[in-house]
1. Just to compare against my own numbers: the Cα pair-distance distribution for segment 11-134, 5 Å bins, whole % per bin, please.
2. Within segment 96-117, list the residues whose amide N lies under 17 Å from a label point set 7 Å along Cα→Cβ of residue 82.
3. Less than 12 Å apart at the alpha-carbon level, and either on another chain or at least 8 residues along: which aspartates and glutamates does that give for residue 74?
4. Taking DSSP loops as anything outside H, G, I, E and B, show the longest stretch in the chain free of chymotrypsin sites (Phe, Trp or Tyr not before Pro) there with at most 12 other beta carbons within 10 Å.
5. Subtract the Cα-Cα distance of residue 97 and residue 28 from 0.36 nm times their separation in residues, and report this length gain in nm to one decimal.
6. Return the aspartates and glutamates within reach of residue 80: Cα separation strictly under 16 angstrom, same-chain partners fewer than 8 residues apart disregarded; answer none if there are no such residues.
7. Near residue 125, which aspartates and glutamates are there with a Cα under 19 Å away, not counting those fewer than 8 places off in the same chain?
8. Translational diffusion coefficient of segment 93-146 at 4 °C, 1.567 mPa s, Stokes-Einstein with Kirkwood Rh over Cα pairs, in µm²/s as a whole number.
Amino acid sequence: MKKKDKIIAAPPRRLWDQLVRAAARARAGSVSPYSKFKVGAALLTNAGEIIGGANVESASYGLTCCAERVALFKALTAGKHNFVAVAVVARWDGGPMPCGACRQLLAEYAPDASVFIADSDDLKKIRAFTVRGLLPEAFVFNPDAP
């Protein structure tokens, strides 16, 4: 079995709910004066720690940072690693899916993680994915490649 085919069990359902609630709380910190689209995310480490983040917008939209990346950057710069799940919450029918940039960063730093998506108006309805399923064949830098 190749490393990319590694199968990781999803966290128990009670942790899905806890992580989604943490993402909903993180959403309150959103800085979205332009779109008013508030997004929260929460990462779960294998040690059981939860790190939250919210989207931060810029007038220059390209500089805007998604909630998933804010949570990931907070976690990484605090020395956290070994992420097992991420939850993303916003007011969007079915919940907000991570963008391509977030999928790439999750593929690099949390490749085996589960991804839980929920609409902030219905936190009990959680959709589950995997990072590998959201971005199959992700780009991974190999410094040893010829």
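1. With a bin width of 5 Å, the distribution comes to 2, 13, 25, 27, 20, 10, 3, 0.
2. 109-114
3. Output for residue 74: empty list, no partners.
4. The longest such stretch corresponds to 35-138.
5. So the chain would gain 23.0 nm between residue 97 and residue 28.
6. 49, 68, 108, 112
7. 17, 93
8. 105 µm²/s
Every number in this text was worked out from the coordinates using simple rules, so none of it is lab data. In this text the structure is predicted, and so the values were computed from the model without any measurement. So basically every Cβ, Gly included, is an ideal-geometry build from the backbone, and we count neighbours across all protein chains shown.
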